[in-house]
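The values are calculated or read from the model by the stated rules, or taken from the named source; none is laboratory data. Values in this document were obtained by computation on a predicted structure and should not be read as measured data. Reconstructed Cβ throughout: ideal geometry from the backbone, glycine too, with neighbour counts over all protein chains shown.
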Amino acid sequence: MDPNVDYWQVPSAKPPNGTTPNFINPPSIGYQQTATNIAVLVIMIVVVMLRLYTRIFIVKSVGYDDWAMIVSLLICITAIALYQALVHLGMGRHLYDVPVALFSPHFLRLYLIASVFYSSSMLSIKIAIMLLYRRLFPIQNFIWRWWAVFLFAVGYSVAGILTEIFDYIANAVCNSVSDLLILALPIPIVWDLQLTRRKKITLSLVFAMGSAGCIVSIIRLRSIIAYLQEGDADLTYTITDFVVW
C-alpha cells in the first residue's frame, strides 16, 4: 500500500454512478444480524439451562451428551460474538461504504475466523445430538446406522474446518444432508417400540421438531447460491442474508 494514501478515506469498491461513499453513517442492514444474534442467544441459553436443570436436579444424571451440549453452547456464543463484531466492521453496509483500511485485512480476517467457529458450532451440535441418541437408544441394530451418520457428519465438518474457506455450496449441501440424516435416524427405532400408535406419532413429532433446522439450512443454501451468482463485488452487503440464516 502507498504510505501517502489515507486508506480510511478510500472505499473498498467503486460506488455506482451518482453515489458518494458514506463512511460516517451509511445505510446498513446489519440490524438484521444483530436482531438474529440476540434472539438466537436468548433461545439457546434458556433451552440449555432448562435441559441442565432437568438433568442435574430432576433426573440427577449428567451424561456425555450434556457436557457436549455445554461445549456446543460456548462455541455457538463465540460464533455469535464474532458475527456481531463483523457488523461493527461493515457487514450489512455496501462495500463502497466500507473504507479499505477497515475491510482489509480486519473484516476479511475476522470473517474467516467466524466461518471456522460457525463450522465448529455445527459439528459440536451434531455430536451432542448423536451422543444423546446413543444414550437413548442402546440397541445393537441401531449402532451401525449411528456410526455411519456420525462419521459422515464429523468427517465433512472436520474437512470444512481444516480447509476453510471450503466450497460454500458443498459445505452447505453436506450440512443439510447430515441434518436430515440425524433427524431421520431415531424414527425407525420409535416405531419398533411397544407403544400405541398415538404415542409413536407423538414421539416422532418431537424428533421431527428438528426439521426447523433442516429448513433453515436449505434456505441458507438458497441464499449462498444467490450470493455466488451475484459475485462478491458487494461482499459486505450480499453475505448478510446467508449469515443471518
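So that you can scan it fast, the table gives a plain yes or no per residue for (1) among the aromatic types (Phe, Trp, Tyr); (2) buried (at least 16 other Cβ atoms within 10 Å of the Cβ); (3) touching a Cys at 6+ places or on another chain (Cβ under 7 Å):
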{"position": "Phe57", "(1), (2), (3)": "yes, no, no"}
{"position": "Gly63", "(1), (2), (3)": "no, no, no"}
{"position": "Leu74", "(1), (2), (3)": "no, no, no"}
{"position": "Ile80", "(1), (2), (3)": "no, yes, no"}
{"position": "Leu89", "(1), (2), (3)": "no, yes, no"}
{"position": "Asp97", "(1), (2), (3)": "no, yes, no"}
{"position": "Phe107", "(1), (2), (3)": "yes, yes, no"}
Original post:
Here are some residues: Met91, Met69, Met130. Which one is under 30 Å from Glu230 (Cβ atoms) and not small (Gly, Ala, Ser)?
Top reply: Met91
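If you check Thr54 against the conditions, is it among the hydroxyl-bearing types (Ser, Thr, Tyr), in a loop (DSSP other than H, G, I, E, B) and more than 14 Å from the chain's Cα centre (by Cα)?
no
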**OP:** Residue by residue through the range 189-207, note down the ones that are under 22 Å from Leu131 (Cβ atoms), within 28 Å of the chain's Cα centre (by Cα) and surrounded by fewer than 13 Cβ atoms within 10 Å (Cβ to Cβ).
**Re:** Val206
**OP:** Would you check if there is a residue in the range 177-184 being modelled with pLDDT of 85 or more and of a type outside the set (A, V, I, L, M)?
**Re:** no
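Counting only residues that are loosely packed, with under 12 Cβ neighbours inside 10 Å, closer than 30 Å to Ile239 by Cα and of a type in the set (A, V, I, L, M), how many does the range 22-55 have?
Total meeting the criteria: 6.
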Original post:
Of the conditions (1) farther than 25 Å from Tyr111 by Cβ; (2) in a helix (DSSP H, G or I), Gln194 fails just one. Which one is it?
Top reply: (2)
